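The block underneath contains the structure these notes are about, expressed in structure tokens.
The values are calculated or read from the model by the stated rules, or taken from the named source; none is laboratory data. All values derive from a computational prediction rather than experimental measurement. Neighbour counts are summed over all protein chains in view; Cβ atoms, including those assigned to glycine, are modelled from backbone coordinates with ideal geometry.
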Amino acid sequence: MSTLGRILMVEDDPRDVELTLTALEEYNLANEVVVTRDGEEALDYLHQRGNFEARSNGNPAVLLLDLKLPKVDGLEVLKQIKSDDKLKLIPVVVLTSSHEERDMVASYKLGVNAYVVKPVDFHEFVNAIKELGVFWAVINEAPPGSVRKK
Amino acid sequence: MAEWKPGLPKPLSEIQGYLLAVFSVAVALGLALLVERLHFSGVQVPLFLFAVAITSWYASSGAAALALVLSCLSFDYFFVEPIHSLTMTRSDLPYFIAFASFSLLVSWFASVRRRVELELLQSRDELRNEVVERTQQASLLNLTHDTIFVRDMSDVITYWNRGAQEMYGWTAEEAIGKQAHELLHAIFPVPMDDIRAELLRSGRWDGEVEKTRADGTRVVVASRWSLRRDEHDRPAAILETNNDVTERKRREEEIRTLNEELGKRTTELEAINKELEAFAYSISHDLRAPLRHMVGFTELLQKSAASILNEKSQRYVGIILESAKKMGNLIDDLLAFSRIGRAETHKKLVSLDEIVQEALSEVRHETEGRDVVWKVAALPAWFGDGSMLRLALVNLMSNAAKFTRTRPKAEIEIGCMDQKPDQIVIFIRDNGVGFNMKYANKLFGVFQRLHPLESFEGTGIGLATVQRIVHRHGGRVWAEGLVDQGATFYFSLSKSKGA
């Protein structure tokens, strides 16, 4: 692994956060994960404002986005990112519990880069997270301006 | 045209006229000779004049002329000197001329009278015919149940048919001669001046008018007016026909109210549907998340505590995981089931052959390693929602595959029967474990299962889903089976778009 891109995870459920981080840890992908707990916080992070005013510069290599979020929901976050010139290049992966077709259609219409339904089965879940992490944080060439760890 | 009624003298024929001339002159001559024998004088001429007059009166002018000539000759022969000779003296000539002139005058009067009489008779007959014709027409108008009446230009009713009497309750005797607006208290949709202007311009007007019956009730009529003009092109009368549209108006109003209610109900249903959708959406998110956590953390527990868990505890952990997964499947199936109820059907002409093949490729992996013979008959193209029909077929074929698992050689047949222009029946027959017909009604209920889970897994939603899909295609679904002797599932599809 030459470089590891920073992963921004937007997830309100601490258990999902824990499971996801555990899955990523198994493959040493967890140390560059930033977790925000709602849509507003995610946007604050991306815009370097509020609690994140002092964060280091650069966009995440990938954003793992839950759809059902407090305050600003996932689709709204996606819409704002994809309509913002400074953020629109960030790859966004929707990671959700729902099979709802309308969410999927809405996400793709807003320009999502991938749409993943979290499997109930833990092994499948770990595999999905691992593959996502490896692909987006390692294999994929992140757009210019992304934070990468040598 | 001439039509002679009994009681009137029949005109004499030409021959009868001449005979009358001869006869009347002969009678006059006889009488003249008689009075001469009785020594009366000066009566002969009036007698002959009388004969000529009678002939003129009853017969043609030719006969009258004959009577005149015969009278002159008879008078000359019998009464003018020299007697019994047709010669006459000059002094007698003015006498004859006066006689002839007088006779001609009488004849002329008679012929004028006859002509006048003839003309009178003719016009009487014409009048009578016209009266008959008009009476017939009027009685025809009376036959119709449509309301027809005529008013003159000062709004006085001049004709009133039976339909008018039926609608308004006034008899013709009561209505004719009355002012129409006083009788009917009409309320017009537009100002009267506009109606009159339209009537004079185009000769007609129509509109809905509210009027009052004799008993005081109101009636809404579709009113059509036609203007009649006299020979000088002046407006003479208005013919008005009315049809009762009160009932139609009431129905229109009823339909409008019903539509409004329907609209309200639709809005309500839409709201309920939205709620259901939100409910399903929430289940899809919120119910799966804790399940995922249960499975995830149990797995983590299993891993971290593997060394201290004995065999029994390991089994418990295994059961927790299995149950959670089962619940996950249940939630997924239920959500799919509810989605079918909510989703709009996109119906078009689809190839049932292709759909069966697609379903077969989905189901085939479930039967890997088994000896399964699929017999698929040719199926027609039909009107329906392709993805829904595929789901129904996958469920039915997957069921057939599942319940033939105990058979060394499974045979599953798919075909159609009872094909009609507007309906088709598809069947899926298997040689599996079958079922007791006693429970056939339970097959299609949600969570209904006829077999213990240990023998055949499943959530009990598959056939409920099939039923819902078939109902949305205006069809029905049913099954026949015998324990251990296979089962056949049938579903019908109707072709109507509305179903």
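Where residues in the range A:109-150 are touching a Phe, Trp or Tyr at 6+ places or on another chain (Cβ under 8 Å) and assigned to a helix (DSSP H, G or I), which of them is farthest from the other protein chains (Cβ to nearest Cβ)? Restricting to residues being touching a Phe, Trp or Tyr at 6+ places or on another chain (Cβ under 8 Å) and assigned to a helix (DSSP H, G or I), the top hit is A:Val134.
Of the numbered criteria (1) at pLDDT 90 or above; (2) more than 14 Å from chain B (Cβ to nearest Cβ); (3) out of contact with any Leu (no Cβ under 6 Å at 6 or more places or on another chain), the one A:Leu64 fails is (3). Of all the listed residues (B:Arg265, B:Arg248, B:Arg256), the sole one being surrounded by fewer than 16 Cβ atoms within 10 Å (Cβ to Cβ), touching a strand residue (DSSP E or B) at 6+ places or on another chain (Cβ under 9 Å) and over 20 Å from A:Val120 (Cα atoms) is B:Arg248. Going by the structure shown, is B:Pro408 surrounded by fewer than 16 Cβ atoms within 10 Å (Cβ to Cβ), within 49 Å of the chain's Cα centre (by Cα) and of a type outside the set (A, V, I, L, M)? Answer is no for this residue.
Scanning the range B:437-456 for residues that are in contact with a Gly (Cβ under 8 Å, 6 or more places away or on another chain) and at pLDDT 85 or above turns up at least one hit. Just one of the listed residues (B:Ser56, B:Ser101, B:Ser41) is part of a helix (DSSP H, G or I) and either exposed (fewer than 13 other Cβ atoms within 10 Å of the Cβ) or under 60 Å from the mean Cα position of the chain (by Cα) (or both), and it is B:Ser101.
In the range B:312-331, the residue that is nearest to B:Phe297 (Cα to Cα) out of those that are away from every other protein chain (no Cβ under 13 Å) and among the basic types (Lys, Arg) is B:Arg315.
Remark: pairs (first residue in the range A:16-40, basic (Lys, Arg); second residue surrounded by fewer than 16 Cβ atoms within 10 Å (Cβ to Cβ) and in a loop (DSSP other than H, G, I, E, B); Cβ separation under 8 Å; 6+ apart in sequence or on different chains) = A:Arg37/A:Pro70. Has the range B:83-106 got any residue that is under 18 Å from B:Leu12 (Cβ atoms) and β-branched (Val, Ile, Thr)? Yes; the residues of the range B:83-106 include at least one that is under 18 Å from B:Leu12 (Cβ atoms) and β-branched (Val, Ile, Thr). Examine the range A:18-34 for a residue that is assigned to a strand (DSSP E or B) and crowded, with 21+ Cβ neighbours inside 10 Å, and state whether such a residue exists. No - not one qualifying residue is present in the range A:18-34.
Applying the condition of being of a type in the set (S, T, N, Q) and assigned to a loop (DSSP other than H, G, I, E, B) to the range B:146-179 and asking which residue is surrounded by the most Cβ atoms within 10 Å (Cβ to Cβ) yields B:Asn161. Of all residue pairs spaced 6 or more apart or on separate chains, those with beta-carbon atoms under 8 Å, a first member in the range B:315-341 that is closer than 16 Å to A:Glu101 by Cβ and free of Cβ contacts under 8 Å to residues at least 40 places away in the same chain and a second member that is outside any helix (DSSP H, G or I) and of a type outside the set (Gly, Ala, Ser) are B:Asp332/A:His99.
Among the residues of the range B:210-232, those identified as touching an Asp or Glu at 6+ places or on another chain (Cβ under 9 Å) and within 21 Å of B:Glu182 (Cβ to Cβ) are B:Ala214, B:Arg218, B:Val219, B:Val220, B:Val221, B:Ser223, B:Trp225. Farther than 20 Å from B:Pro290 by Cα and either over 14 Å from the mean Cα position of the chain (by Cα) or polar (S, T, N, Q) (or both): which single residue out of A:Val62, A:Val72 fits that description? Among A:Val62, A:Val72, only A:Val72 is farther than 20 Å from B:Pro290 by Cα and either over 14 Å from the mean Cα position of the chain (by Cα) or polar (S, T, N, Q) (or both). Scan the range B:270-311 for residues that are under 18 Å from A:Lys68 (Cα atoms), of a type in the set (A, V, I, L, M) and either in contact (Cβ under 8 Å) with a residue 40 or more places away in the chain or at the interface with chain A (Cβ under 9 Å from one of its Cβ atoms) (or both) and the total you get is 6.
For A:Asn57, are the conditions met, namely being over 14 Å from A:Glu11 (Cβ atoms), outside any loop (DSSP other than H, G, I, E, B) and modelled with pLDDT under 90?
Considered against the rule, which asks whether it is over 14 Å from A:Glu11 (Cβ atoms), outside any loop (DSSP other than H, G, I, E, B) and modelled with pLDDT under 90, A:Asn57 comes out as no.
Determine whether B:Ser304 is among the polar types (S, T, N, Q) and surrounded by 15 or more Cβ atoms within 10 Å (Cβ to Cβ). Here the answer is no, as B:Ser304 does not meet what is asked.
As a summary of the residue check, B:Leu349 satisfies the conditions (1) more than 9 Å from chain A (Cβ to nearest Cβ); (2) more than 60 Å from the chain's Cα centre (by Cα); (3) hydrophobic (A, V, I, L, M, F, W, C) except for the one numbered (2).
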